[in-house]
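These notes are about the structure you will find just below.
The values are calculated or read from the model by the stated rules, or taken from the named source; none is laboratory data. On a predicted model such as this, the values are computed, not experimentally measured, just so you know. Please note: Cβ atoms are built from the backbone with ideal geometry, for glycine as well, and neighbour counts cover all protein chains shown. The area values use the complete protein model at the heavy-atom level, side chains included, leaving out ligands, DNA and RNA. Shrake-Rupley method; radii C 1.70, N 1.55, O 1.52, S 1.80 Å.
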Amino acid sequence: MTDTAPMVSVREAHKMFGDLHVLRGVDLTVSAGEVCVVLGPSGSGKSTLLRCINELEVLTGGQVRIEGELIGYEERHHGGHTRLHRLHPKRIAAQRSRIGMVFQRFHLFPHMTALENVMEAQVQVRGRSKAEAKARAVEMLGRVGLSDRMDHYPAQLSGGQQQRVAIARALAMDPEIMLFDEPTSALDPELVGEVLAVMKDLAASGMTMVVVTHEIGFAREVADHVLFMDEGVIVEEGPASQVIDAPQESRTQDFISHVL
Ligand SMILES: Nc1ncnc2c1ncn2[C@@H]1O[C@H](COP(=O)(O)OP(=O)(O)O)[C@@H](O)[C@H]1O
Ligand SMILES: [Mg+2]
């Protein structure tokens, strides 16, 4: 099954917050090495979708699979039918560690240098030795172009540099998938490009990525497919040449004309 299963498969995903029905039947398939860009207005459920893929939130209905493996539950077969049992938190943590996530805000530890920030979870979560974690951190900070900033504290770094540290921190955990939730939205305009360049390199290296962004240029250049979400559903999806440059649905047309 895992030979042919897509890297990420979301089926009929529903999420309620109390009475608020935020995801209303979302289906999403991302193959290994693909970059999927998610567009949509504020409040349409984009962050919630990423958080459900990464198990920061539990779906109210539907399912998420990573390479065919059901996220959050174990399937037990009894006679003709299958029952779902919630997985032990340790198993969920193991599943989550396959997925890297980068947020709008960088959430670096202010009292740690860039190097220490990239080492921390490797030691605490992956159980790596300090030497091993340091070697990997040096490598990943080099990959995001920060070899000369490793001993700087977050307050000594620009927003773009801090976000690149956050990307290095996620990559150091050896994720199979990277989720980005508006990674450049908190940055001054002149710092957006350096972060997008790192993401472009990562895409070119074959990483599977789901990226929520309003950066239409990035979507055009990098996305294998683009989704437009509104009010908890995927209104339209396809290549950028369709969804961005020739949208069929009026809601997509309105949105695109506002962000362009
Ligand atoms: N933890 C939460 N509790 C209650 N409501 C939430 C929670 N997270 C998100 N929401 C609501 O869900 C809707 C979608 O939010 P979100 O997924 O953040 O949208 P987007 O990322 O597209 O802006 C919004 O109305 C938001 O207020
Ligand atoms: Mg959001």
Using a 1.4 Å probe over the heavy atoms of the protein chains, calculate the carbon and sulfur portion of the accessible area of the chain as a whole percent.
49
Pairwise centroid distance, computed over Cα atoms, of region 86-164 with region 180-231, Å
20
Summing -39500 (n - 2.57) over every DSSP H run of at least 4 residues in the chain and dividing by its residue count gives a helix-only mean residue ellipticity at 222 nm, to the nearest 500 deg cm²/dmol, of -10500 deg cm²/dmol
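Using alpha carbons only, what's the Rg to Rh ratio of region 97-144 with Rh from Kirkwood?
Rg divided by Rh gives 0.95.
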Can you check how the C-alpha radius of gyration of region 99-204 compares to 2.2 N^0.38 Å, as a plain ratio?
0.97
So what does the Cα-only Debye profile of the chain read at q = 0.07, 0.12, 0.15, 0.16 Å⁻¹, as log10 I(q)/I(0), no solvent term?
-0.25, -0.75, -1.13, -1.25
Starting from the Kirkwood Rh over alpha-carbon pairs, what translational D in µm² s⁻¹ does region 44-120 have by Stokes-Einstein at 4 °C and 1.567 mPa s?
87
Each label point is 7 Å from the Cα along the Cα-to-Cβ direction; what then is the distance between the points at Leu56 and Lys200, in nm?
2.7
What the Cα atoms of region 133-260 span along the principal axes, largest first and in whole Å, is 50, 29, 24
Expected vector for region 158-169, Karplus 3J(HN,Hα) from phi with 6.51, -1.76, 1.60 and θ = phi - 60°, integer Hz, x for Gly and Pro, equals 6, x, x, 5, 4, 5, 5, 4, 4, 5, 4, 4
Ser31/Ala94 FRET efficiency (R0 22 Å; Cβ-Cβ; nearest 0.05):
0.45
Using θ = phi - 60° and the Karplus form 6.51 cos²θ - 1.76 cosθ + 1.60, what ³J(HN,Hα) does each residue of region 220-233 get, whole Hz, x for Gly and Pro?
4, 7, 10, 6, 7, 8, 10, 10, 10, 10, 8, 6, x, 10
Electrostatic dipole magnitude of region 162-257 [Cβ: Lys, Arg +1; Asp, Glu -1; Cα centre; debye, to 20]:
260
Region 1-41: Cα Rg divided by the 2.2 N^0.38 Å rule of thumb
1.45
